[in-house]
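Worksheet for the structure shown next.
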Amino acid sequence: MTTIFTVVAICLFAVPDIVLISLLLRTKNHDAPTITNSAAEETAMNIDVLVPVKVPEDDHFIDAWIEAFTQFIPGKGSRLIVVSNGTWQRDRSQVPEFVLVDHKEGAGAKAENLERGIALVNSDLVAIFDVDSVPTSTLDLNYLSTQLQRAACIQGAKVTKGNAEGGASAFCEYDSWIEVSKSETMATAQNKTGLFLGSNAFFRRETLEDLGFHVSTALENIDASYRLLRQGGSVLFDPKFVALESPPISALQLVKQRVRWYLGWGHICRNYMLEVFSESRISALQKLRWAGFAFWITFFLPLSFVLAVVFGSVVYFLAAVFFIKCLSHELMYSRLRNSPRLTEVFAHCLEVQRASLYLRVLWIGQLVLLDWLKSLAFIGLVFGTSSSWSPTEKTQN
């Protein structure tokens, strides 16, 4: 009987990895997208970049964003819209003309800042970035406009880089590579099944005005993604758009960040799960990927740990799930590190490039430990969560 419970627990835990392995074995890598760089066409287009800021906590990132804007954002009429709450500590006269600052002091969530920022948007194209996340190359607005004819949201790739304490930077970089690889694997197999991840994402203005952001959950981006899907929209993952994001400053801050994410997934599951499964405008593939993941993290994952700890063998369970995760992650690494679509992404993953197989296996072990935290999603399902979390302390690149 113990063996049966252990096997069931392993199967429940390993569902996402088994799906990834099957997709990797069945599909071929996509070619890199055709890029049309026309300076004349791009200068005729503008984009508003919306950056929600919690100052003074994030104040030190603003100078880096102003520099990135002048370097990578084309369009004479493009603007950097900084929407903040807290105590604004800098002289407004020293802020460049292309920067529009909307400051409302007081406690507030990221979603509230985004809502205020949307009201200030003038351009047809809108980008949303976290203040600690900046693009790595000039935005091709002509290409972006074309992609936004295919989907309501274009989600770019994010690479986490910085100088966190205790070796957390290298792990966070590997974790970001794995997340990009998962998105690319699913995109290659199923096309427009992405999610808005909160940063390095692009919309048309009317889409954001219709969508809006809710402040009743810790994951306003996932909440917005589900509502976008229910409206018949879709999110297209495109790794042509790459952004570098700062990691949490320490392992403690990393755990704090992930606890907020996992509680938020449970809350999202409670709010939308039945509606998502019954909504005819959401495709079966979208339901499989995102509603399926929410169901897995909220129900299957906690149940797998209960079965393993209470009725099964914890040692065999951990050994098996660790082996399966190593298999899926190493298969992604070998298949996608040379993918034409991920060339720029992998070029920024220097720690991953230098890592030995032994080090990658150690990182995978840490990911298994983080999976234990994902079981907190069940608590989010029962009790919900809120947007009033203190910001994660990030390193400055």
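What number of residues within the range 188-226 are in a helix (DSSP H, G or I), modelled with pLDDT under 90 and surrounded by fewer than 21 Cβ atoms within 10 Å (Cβ to Cβ)?
Counting residues in the range 188-226 that are in a helix (DSSP H, G or I), modelled with pLDDT under 90 and surrounded by fewer than 21 Cβ atoms within 10 Å (Cβ to Cβ) gives 3.
Consider only pairs whose beta carbons are under 7 Å apart and that are at least six residues apart or on different chains; among these, list those whose first residue lies in the range 278-302 and is under 19 Å from residue 221 (Cα atoms) and of a type in the set (Ser, Thr, Tyr) and whose second residue is at pLDDT 80 or above and part of a helix (DSSP H, G or I).
298/265; 298/266; 298/269; 298/377; 298/378; 298/381
Could you tell me whether the range 275-296 includes any residue that is modelled with pLDDT of 90 or more and buried (at least 17 other Cβ atoms within 10 Å of the Cβ)?
Yes, the range 275-296 has at least one match.
Taking residue 237, is it part of a strand (DSSP E or B), among the aromatic types (Phe, Trp, Tyr) and either without any contact (Cβ under 8 Å) to a residue 40 or more places away in the chain or touching a helix residue (DSSP H, G or I) at 6+ places or on another chain (Cβ under 7 Å) (or both)?
Yes, satisfied.
With the checklist (1) without any contact (Cβ under 8 Å) to a residue 24 or more places away in the chain; (2) of a type outside the set (D, E, K, R); (3) within 22 Å of residue 63 (Cβ to Cβ) in hand, flag the one item residue 139 doesn't pass.
Every condition holds for residue 139 apart from (1).
Got a sec? Which helices (runs of 4 or more DSSP H) wholly within the range 248-359 have at least 2 residues that are within 22 Å of the chain's Cα centre (by Cα) and under 21 Å from residue 16 (Cβ atoms)?
Once the helices (runs of 4 or more DSSP H) in the range 248-359 are filtered for at least 2 residues that are within 22 Å of the chain's Cα centre (by Cα) and under 21 Å from residue 16 (Cβ atoms), what remains is 251-278, 292-295, 314-336.
Considering only the range 75-167, give the strands (runs of 3 or more DSSP E) lying wholly within it that have at least 3 residues that are on the phi < 0 side of the Ramachandran plot and in contact with an Asp or Glu (Cβ under 8 Å, 6 or more places away or on another chain).
The qualifying strands (runs of 3 or more DSSP E) are 79-86, 125-128, 153-160.
Residue-by-condition table, conditions (1) closer than 25 Å to residue 205 by Cα; (2) surrounded by fewer than 16 Cβ atoms within 10 Å (Cβ to Cβ); (3) modelled with pLDDT under 85:
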site	(1), (2), (3)
60	no, yes, yes
70	yes, yes, no
75	yes, no, no
82	yes, no, no
85	yes, no, yes
93	no, yes, yes
113	yes, no, no
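To keep it simple, each residue is scored yes or no on (1) under 27 Å from residue 216 (Cβ atoms); (2) touching a helix residue (DSSP H, G or I) at 6+ places or on another chain (Cβ under 7 Å); (3) in contact (Cβ under 8 Å) with a residue 60 or more places away in the chain.
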residue	(1), (2), (3)
65	no, no, yes
75	no, yes, yes
78	no, no, no
82	yes, yes, no
96	no, yes, no
100	no, no, no
110	yes, yes, yes
113	yes, no, yes
116	yes, no, no
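Within the bounds of the range 239-253, is there any residue that is among the small types (Gly, Ala, Ser), under 25 Å from residue 143 (Cα atoms) and in contact with an Asp or Glu (Cβ under 9 Å, 6 or more places away or on another chain)?
Among the residues of the range 239-253, at least one is among the small types (Gly, Ala, Ser), under 25 Å from residue 143 (Cα atoms) and in contact with an Asp or Glu (Cβ under 9 Å, 6 or more places away or on another chain), which makes the answer yes.
The values are calculated or read from the model by the stated rules, or taken from the named source; none is laboratory data. Keep in mind that what you see is a predicted model, and the values were worked out from it rather than measured. For neighbour counting, all protein chains shown are included, and Cβ atoms are generated from backbone atoms with ideal geometry for every residue, glycine included.
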